[in-house]
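What follows is a set of notes on a single structure, which appears directly below.
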Amino acid sequence: QLQLVESGGGLVQPGGSLRLSCATSRFTLDYYAIGWFRQAPGKEREGVSCISSSGYNTNYAEAAKGRFTISRDNAKSTVYLQMNSLKPDDTAVYYCAAQRLYGAGCGTNLNGYMYWGQGTQVTVSS
């Protein structure tokens, strides 16, 4: 199975930046669309952003648009989520997930994502 590992979470002040990474050391991500999701206490898991297997297509939730940027480096089997202008409402556990979609688009809906990482905590607080 595809194993995903998130890293880069931590504590930042409002307005700060953080870059999350999602990587695998055993498999290539060339054939997978990758999504970032998050879950805050008391809330359902929600989509944040996604990127197609080619890297040409990206989508963002309204809450992330303009502040977050998703990218990928297939040579390193790594997908990144650059988060800028962070707000307290961004506090959540962030998960990356993979879906077997080669050369297609992607969606921020949870449906279809079969492989999940264990998550990394992001806390935005003064």
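The values are calculated or read from the model by the stated rules, or taken from the named source; none is laboratory data. A quick note: this is a predicted structure, and the numbers were derived from the prediction, not measured. Virtual Cβ from ideal backbone geometry, glycine too; neighbours counted across all protein chains shown. Only protein heavy atoms, including side chains, enter the accessible area calculation; ligands, DNA and RNA are left aside. Shrake-Rupley method; radii C 1.70, N 1.55, O 1.52, S 1.80 Å.
In whole percent, how big is the carbon plus sulfur part of the accessible area of the chain, probe 1.4 Å, protein atoms only?
44 percent
Among the lysines, which fall within straight-line cross-link reach of Lys87, defined as a Cα-Cα distance under 26 Å, with same-chain neighbours fewer than 8 residues apart omitted?
Lys43, Lys65
Kindly sort Met114, Met83 by accessible area of their heavy atoms, largest first, with the probe set to 1.4 Å.
I get Met114, Met83, largest accessible area first.
For Ser25, Ser125, Ser77, what's the largest-to-smallest order of accessible area, 1.4 Å probe?
The ranking, largest first, comes out as Ser25, Ser125, Ser77.
About its Cα centre, what dipole magnitude does the chain give when the only charges are +1 on Lys and Arg Cβ and -1 on Asp and Glu Cβ, stated in debye to the nearest 20?
120 debye
Suppose each label sits 7 Å from its Cα in the direction of the beta carbon; what would the Ser71-Leu110 distance come out to in nanometres?
3.0 nm
Given the Cα-Cα distance of Gln13 and Thr58 and 0.36 nm per residue of separation, how much length would full extension add, in nm? Provide the component values of the computation, followed by the final result.
Numbers: separation 45, 0.36 × 45 = 16.20 nm, distance 2.69 nm.
Residue separation times 0.36 nm, minus the Cα-Cα distance, leaves 13.5 nm.
Quick one: compute the contact order of segment 80-126, relative version, from alpha carbon pairs under 8 angstrom and 6+ residues apart, as a percent.
Normalised by residue count, the contact order of segment 80-126 is 54 percent.
Restricting attention to segment 10-98, which chymotrypsin sites (Phe, Trp or Tyr not before Pro) occupy a DSSP loop and are surrounded by at most 11 other Cβ atoms within 10 Å?
Those satisfying the criteria are Tyr56.
Do you know the relative contact order of segment 46-126, to the nearest whole percent, from alpha carbon pairs under 8 angstrom that are 6+ apart?
Rounded, it is 35 percent for segment 46-126.
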